[in-house]
Structure formats: structure tokens, C-alpha cells
1. How would you order 187-194, 152-159, 22-29 from highest to lowest mean count of nearby Cβ atoms within 10 Å?
2. Using 0.36 nm per residue, how much length does the chain from residue 283 to residue 210 gain when fully extended, once their Cα-Cα distance is taken away?
3. Return the distance in nm (one decimal) between the two label points of a simple spin-label model at residue 180 and residue 224, each offset 7 Å from Cα along Cα→Cβ.
4. Quickly work out the residue 263-to-residue 18 label distance, labels modelled 7 Å from Cα along the C-beta direction, and quote it in nm with one decimal.
5. Would the stretch 219-301 count as rounded, prolate or oblate if I go by the C-alpha gyration tensor, calling it rounded below 1.5 in a/c and otherwise prolate when a/b exceeds b/c, oblate otherwise?
6. If a/c stays under 1.5 just call it rounded; otherwise compare a/b with b/c (prolate if a/b is bigger, oblate if not). Do that for the stretch 137-288, with a ≥ b ≥ c from the square roots of the Cα gyration tensor eigenvalues.
7. I need the shape label for the stretch 126-215. Rule: rounded when a/c is under 1.5, else prolate if a/b > b/c, else oblate, with a, b, c from the alpha carbon gyration tensor.
8. So, R0 is 25 Å and r is the distance between the beta-carbons of residue 189 and residue 241; what FRET efficiency does that work out to, to 0.05?
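What follows draws every value from the coordinates through simple rules; no lab data is involved. All values derive from a computational prediction rather than experimental measurement. Virtual Cβ from ideal backbone geometry, glycine too; neighbours counted across all protein chains shown.
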């Protein structure tokens, strides 16, 4: 990722008096020619970088151009490191750990004591997710189309998209991009992708809007739900919907009310409570639950 490498190179130059191109090439695992292009890009961005040839030469930032680290407090630095560590938990490379080392090495007086914030963005699917995230990041940087097989409630399909953003939301990873089939922007869940491939075909970057990830947009809540739950599953209701999603009835049960988006998901969720839940409304959900119980009875009784 070029922008990340440029930031990393700038960080090194700000902390060291002078480095050589071979040192940077080895540290960032690229060629010396790539480092030369990166230095040129930094110069174009207004960073006063000097290069000196021959024995004792190297690359350095002109005297007087330094970032005042006192602008960052100890708490600021800990927040930055917590964010980098969270990204490192899903990264398939050593980039983020290297960047953490660079920041810590130049800020030891600002960062002391144990870490108070630990964020792990990985999941049970880390082994399959990390290569997908890495491939999509590369495709975004190189403006390459990606193709994949996608599994959705409506069925499976082959998709080709222009990837623009990787998104972590609702405890899952998604890619936001322009779908060449739907001719519109779509959000795709990485866990539902197989046969993911970066193509050699490039695309011209669109002025892509950021995805609207508001709860109202993604989960419009058209289904009004009322259900009775046993008191011993209160912890689940609090965990999944918060402490204000129910009221306790006189007989000790929990009257649950919520807005739900998808009937299939609602039925599946209710079934996980077995006999600890009774749906009252909507009537369609109640009838579907009754049908499911009847089918399950026939499986287990052999009737």
C-alpha cells in the first residue's frame, strides 16, 4: 500500500538524522527504485528531503523540519498504538507492528506502563479473512477489479466489483464497491465470499460516496416484534438489544419489544431460545414458529 509506505518512510526520516535507500528498501521490502520514486513523491508533497550521493551520503529531512511530538500527549500516543494494534490483529503482514515499533522508539517518554486498551478485530475466521483483506487492499491501491462468488439469502452469484473501501461493522468485515452487474454501489460481507480473485483489469476511480452504515439504513426495522422470554435468558436480551428492550411481567417473564428487519433472521433468532421464548406478534412469525416446531417434531418422532 503506497500511502502507508510513504507515511512509514516519513516517520523514519523524522526520527533519524539520515538513512540510506538500501536501508529503506530492506525495511519496507521494496526495491531501491521504488524508494527513489517514493522520495520523489514526498518532495512533490512539499516535504523538504535532501539526498546526498557517495560515501557518507544518504537521505534526510532538511534541518528545522521536525514534528513537535509534545503536541501528542501520553494518552494520544496510547490511543494511536491501540488503533495500530487492532489493525495488526487482522493483518497478514508485519507492516503495522513495524509502524508501532517506529512510533514507540521515538516516543518512549510519552508511552509508559501497561496497555489499558486492547482491541482484537480478528475472528474465528481469521485464517480465511486475512488473505481476503490483504487481496482487497492491494486491489484498491492498484485500481484492479475483483471477482468472487457471493452467497446471499436470495441465492449465490458471481460478482465483479470496483473495490473502494474495507469496512468493519457489526462485528464483521465488508467491502464497499461498484457492482458491475447491478450498476450500483453495494456492500459485500467477506465471510460470504469464495473464489475471490484480483484481476489484471484496471478501473478509473469514481467519486465514490462513503457507504451509509446507519442502523436506520441497513436495518430499517419494518417488523414490529412482541415476545415473552423466560427470566433466565435476560442476559442474552441485554447483550443483544440492551436493558431497555423488555419489561418484567408479574409472573416473572420478560415482555420483549423491538423492530426487526428480516423475517427469516427473526425466526432463526427466536429458534435459538428453544422453549425459552414465545412470539406474540407478528402473527406471521407466530405461525412460522408453529410450523417449524411441527416439522422438528416429525423429524425426532419419526412421524
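1. Sorting 187-194, 152-159, 22-29 by mean packing, highest first, produces 187-194, 22-29, 152-159.
2. Between residue 283 and residue 210, full extension yields an extra 22.5 nm.
3. It is 4.6 nm.
4. About 7.5 nm separates the two model spin labels.
5. Note, shape of the stretch 219-301 comes out oblate.
6. prolate
7. Rounded is the answer for the stretch 126-215, as its axis ratio a/c remains below 1.5.
8. 0.70
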